[in-house]
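K.L.:
Please see the structure below; I have some questions.
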Amino acid sequence: MNRNQLTALRLLPWSSPEGNPCFLAPGDAGGVVSRFADETEDRQLAEGLDVCRSARRVLDDLMTPHAEVRYTAFRLAECLADVLRVAESRGRRLPAVSVAADDGPDGGVSHEGGTPGSRS
């Protein structure tokens, strides 16, 4: 399978029982598996937001027990992995954008007085 075929596949928000990524071949965007994947991604993103809010409360409390901080770190890592997978899946489905050679890596954006890539 070449790179173009692989990027045309939709990365699903779950893994196989062996831990391998699962993909969906392009087709009807309104299909059952596609809708289920959309719902799963939405649920994962909402859960990530909830865990992030909870983590802020845990970490703001200096008296939080070590075990609770550790559990919070595990949950944050799980949610981060889910969110990164959603971002990768959605990024793969964005249309390719070509940048003109004279635009440079920042798409022709001026950085008035700064070096390219710096925030002024």
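None of the figures in this text is laboratory data; all of them are computed from the coordinates on show. Since this is a predicted model, take the numbers as computed values, not measurements.
K.L.:
So what are the range 35-76's ellipsoid semi-axes, whole angstrom, largest first, if each one is the square root of 5 times an eigenvalue of the alpha-carbon gyration tensor?
P.N.:
27, 9, 4
K.L.:
Relative to the present Cα-Cα distance, how much length would full extension add between residue 61 and residue 88 at 0.36 nm per residue of separation?
P.N.:
Result for the pair: 6.3 nm of gain on full extension.
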